[in-house]
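Heads up, the thing below is written out as structure tokens.
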Amino acid sequence: MILFLIAFSLQSQTKLPAFFGDNMVLQQKENVSIWGTDIPNSEVIISTSWGQNKKVTTNSKGDWKTVIKTKKASFTPETISIKGTTSITLKNVLIGEVWFCSGQSNMEMALSGLRKSKVLNAKKYLDISNNKNIRLFNTPRTASVLPSNTVNAVWQESNESSAKKFSAIGYIFAMELYQKLNIPIGIIEASWGGTRIESWIPKKELLKYKNIRFFDKLPKEENKQKKPSFLYNGMIHPFQNYMVKGILWYQGESNRTQPKSYKNFMEELITSWRKQWKDESLPFYFVQIAPYDYTTYKRGTAIRSNLIREAQLQVAQEVKNTGVVITTDVGDCNDIHPSKKEIVAKRLSYWALANQYKKEVSFKSAELISFKIDENKVNLTFQFHNNDYFIDTENVKGFAVAGADKVFYPANVVFHKNGKQITIFNKSVKKPIAVRYGFEACFESNLKTNSGLPISVFRTDQWEQ
């Protein structure tokens, strides 16, 4: 009887997913969802210190869900009380801006670094990391066969201990928003190094792809995180529609050998995550994989990695409310985990500051919009944003031209006075028909713009590699 009563007591307790807890941040001025479990057909009362109250009844399975209207961002700590068969009080809650970051190792790489790879200027951020108005939620690595409903983590106030273990890109992004907006910032991280994009996509979205092998149980081998949908189930699905302002994504290196399918997978990921958060226009900003000499891994993957970058650029051009951070100037040919995370994070913040917070910042890299062949020369025209333009630079690297023989030669570059166009040529190519930029084993750009934003690798041909 005692054991029965203990078991019943445990089952009847009011429970919440882990991300509803002390120190959390809720998205300001929104109807935010909150949910949990209790015994079936029982009453649950939610009360907030800012005057929003709700009463709900659990369903036959014991689930309940409601929405709460949040106020304008404030540094005042709030409380939320949930009273069901037992009572829970969430303390030190802030109302502000919440962002979600995910991906593989370059997103997961903490301020403390990753093995031999270090984060440039990490100490600068750790020295100012004691900030109770920035809150961090670091989702542990979790692979799951079926969609999970919670994770094993807690919200933490930013300090040296919590910040050094958190995604460097996610943390610096949060700090940038905090400094520019002067409101509380919550940042949720869910990333796992060395993972393919298929691992982060729901199974139902992948069923249309015939060559994907699904698993009905969790493998024992170390590569369980690479199985389709397992990381979505364990690390993304639990958040369901915990309201966030937008998504940050940095992944692609693990898919570098199969670029043809990557564009479709990325579109599936964006669409499915937006469905989960019930927001078809949810901002989704991502990072183009950085320069690295992939020839040390496998012959041929160097050029295919540029096709991944091409796919990422195309997604940003074709899918609404997305944006890509170009990294042709912040890679490291000898380190797949480049140190300049600060620049990447700031460029992600520029997208958010410009589009979500209406700040006057340069955020979008110039893109090629047309090319015209004039005898042995090619005139390239670019679309710039916020009055940006090229800075006349000597010995510009990366441009190449080819004729009908499909052999590319390094091109000389001449800048036009308007700063929007360039002319390229090589004396060995009498009749050029195609142009490429940055299609090298490891390309590091030295092309300058007034904004400091580099342009993406690109090609005008569709020749097989």
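The values are calculated or read from the model by the stated rules, or taken from the named source; none is laboratory data. The structure presented is a predicted model; accordingly, all values stated were derived computationally and were not measured. Neighbour counts run over all protein chains shown; Cβ positions are idealised from the backbone, glycine included.
Okay, here's what the table says:
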read-out	value
Region 91-126, residues that are closer than 30 Å to K29 by Cα, surrounded by fewer than 16 Cβ atoms within 10 Å (Cβ to Cβ) and polar (S, T, N, Q)	N92
Residue within region 391-400 that is farther than 24 Å from G323 by Cα and within 26 Å of the chain's Cα centre (by Cα) present	no
Test: residue in region 23-33 that is touching a residue at least 12 places away in the same chain (Cβ under 8 Å), farther than 30 Å from S158 by Cβ and surrounded by 14 or more Cβ atoms within 10 Å (Cβ to Cβ)	no
Any hit, region 423-435, residues being surrounded by fewer than 21 Cβ atoms within 10 Å (Cβ to Cβ), within 29 Å of the chain's Cα centre (by Cα), assigned to a strand (DSSP E or B) and in contact (Cβ under 8 Å) with a residue 40 or more places away in the chain	no
Residue within region 98-113 that is touching a Lys or Arg at 6+ places or on another chain (Cβ under 8 Å), under 21 Å from A352 (Cβ atoms), in contact (Cβ under 8 Å) with a residue 40 or more places away in the chain and assigned to a loop (DSSP other than H, G, I, E, B) present	yes
Hey, K359 under 30 Å from L282 (Cβ atoms), part of a loop (DSSP other than H, G, I, E, B) and either without any contact (Cβ under 8 Å) to a residue 60 or more places away in the chain or of a type in the set (D, E, K, R) (or both) or not	yes
Close pairs from region 376-399: first assigned by TED's automatic domain parsing to the domain that holds Y437 and at positive phi, partner in a loop (DSSP other than H, G, I, E, B) and aliphatic (A, V, I, L, M), Cβ under 8 Å, at least 6 apart	N386/V361; G398/L447; G398/V457
Residue within region 325-336 that is modelled with pLDDT of 95 or more, out of contact with any strand residue (DSSP E or B) (no Cβ under 6 Å at 6 or more places or on another chain) and assigned by TED's automatic domain parsing to the domain that holds F443 present	no
Residue check for S129: loosely packed, with under 15 Cβ neighbours inside 10 Å, of a type in the set (S, T, N, Q) and not in a strand (DSSP E or B)	no
E205 being among the acidic types (D, E), modelled with pLDDT under 95 and assigned by TED's automatic domain parsing to the domain that holds T139	no
Pick from region 43-79, criterion under 20 Å from Q13 (Cα atoms) and touching a residue at least 40 places away in the same chain (Cβ under 8 Å), ranking: farthest from the chain's Cα centre (by Cα)	E43
Scan of region 346-356 for residues that are surrounded by fewer than 22 Cβ atoms within 10 Å (Cβ to Cβ) and touching a residue at least 24 places away in the same chain (Cβ under 8 Å), ordered by number	K346, L353, N355, Q356
Scope region 425-442; condition of a type outside the set (G, A, S) and closer than 18 Å to W463 by Cβ; matching residues	N426, V429, K431, P432, I433, V435, R436, Y437, F439, E440
All positions within region 159-203 that are under 19 Å from F19 (Cβ atoms), assigned to a helix (DSSP H, G or I) and in contact with a Cys (Cβ under 8 Å, 6 or more places away or on another chain)	G170, F173
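This table checks each residue for (1) touching a Cys at 6+ places or on another chain (Cβ under 6 Å); (2) modelled with pLDDT under 95; (3) assigned to a loop (DSSP other than H, G, I, E, B).
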residue	(1), (2), (3)
K364	no, no, yes
F382	no, no, no
H385	no, yes, yes
T393	no, yes, yes
V413	no, no, no
G452	no, no, yes
S456	no, no, yes
Q462	no, yes, yes
